1. Is it the case that some residue within the range 81-103 is assigned by TED's automatic domain parsing to the domain that holds F50, under 23 Å from W186 (Cβ atoms) and among the hydrophobic types (A, V, I, L, M, F, W, C)?
2. Just to verify a result, which residue in the range 162-193, among those that are among the hydrophobic types (A, V, I, L, M, F, W, C) and modelled with pLDDT under 95, is farthest from the chain's Cα centre (by Cα)?
3. If you take the residues in the range 48-70 that are in contact with a Gly (Cβ under 9 Å, 6 or more places away or on another chain) and not in a helix (DSSP H, G or I), which one is farthest from A183 (Cα to Cα)?
4. Can you name the residue in the range 67-79 that is of a type outside the set (A, V, I, L, M, F, W, C) and surrounded by fewer than 18 Cβ atoms within 10 Å (Cβ to Cβ) and, of all such residues, is nearest to L127 (Cα to Cα)?
5. Give V84, V129 a once-over and let me know the one that is over 16 Å from the mean Cα position of the chain (by Cα) and β-branched (V, I, T).
6. Kindly indicate which of P38, P75 is in contact with a strand residue (DSSP E or B) (Cβ under 8 Å, 6 or more places away or on another chain) and at pLDDT 95 or above.
7. Quick one: which strands (runs of 3 or more DSSP E) lie wholly within the range 126-193 and hold at least 1 residues that are in the same structural domain as F107 (by TED's automatic domain parsing), in contact (Cβ under 8 Å) with a residue 24 or more places away in the chain and surrounded by 12 or more Cβ atoms within 10 Å (Cβ to Cβ)?
Amino acid sequence: MVADSQFKQTRMKVFKIVGIVCFGTLAGISLLWWGCKPHQPSDASLERRFNKERPEFERLVRMMEEDWNMSRIAPDFTWRQDNVAWPRPESEWGISNERWNDYKRLFSQTGLDDGITRPEKSSDTLLDVWSWGLVVGGRSVSYVHCGPPRDGSAHTEPPCLQDKDSGRVEESPGDAYRFKKIAPDWYIFEESN
């Protein structure tokens with residue numbers, strides 16, 4: 001009976017220790033995840049960056065206009081208007097390796113970690129600054145340049161369509177965007193879903 005009582009007490013101590021260790025581990029993982037989450041840049045920091053690097057941003061927009069067959073160029077992949085499969089053979093990238101290296105150098109210089117995007121048949125270009133989450137839910141921040149519609153292209157991005165200094169719209173629960181004009185034809189644009 002005494003041995004049975006000691007066994008129960010020992011077992012309870014082990015369960016308590018295991019519980020404390022498990023709780024501590026979960027708390028540590030949660031703190032680590034929260035601490036590693038990239039922090040969204042402020043509008044003020046984005047405006048400072050834009051004013052400092054504006055010639056490079058404008059060069060990227062011109063390059064993307066020249067590379068009209070491209071819909072997305074990122075540091076680690078390219079999408080053509082007609083093919084978003086990746087990986088692809090270099091002959092099917094849509095731009096040369098040298099040209100891609102020019103983009104990557106400008107991305108690094110301007111802090112565009114996510115590259116540049118131009119939706120199909122759009123005159124608007126998104127310079128992708130920051131994103132967090134997954135395709136099914138997340139948040140992104142870009143600079144948007146509203147280019148002049150031509151050759152069958154049109155404005156497709158909310159700041160360019162609305163042509164206002166700022167705006168905020170919640171399209172449905174969880175799906176929203178906001179924008180702020182920082183120069184003629186240039187906006188900070190945040191989307192969340």
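The values are calculated or read from the model by the stated rules, or taken from the named source; none is laboratory data. Just so we're clear, the structure is a prediction, and the values are computed from it rather than from any experiment. So basically every Cβ, Gly included, is an ideal-geometry build from the backbone, and we count neighbours across all protein chains shown.
1. No: the range 81-103 contains no residue that is assigned by TED's automatic domain parsing to the domain that holds F50, under 23 Å from W186 (Cβ atoms) and among the hydrophobic types (A, V, I, L, M, F, W, C).
2. Taking the candidates together, the pick is V169.
3. Filtering first and then ranking leaves N69.
4. The extreme case among them is P75.
5. Residue meeting the stated conditions: V84.
6. The unique qualifying residue is P75.
7. 137-146, 175-183, 186-192
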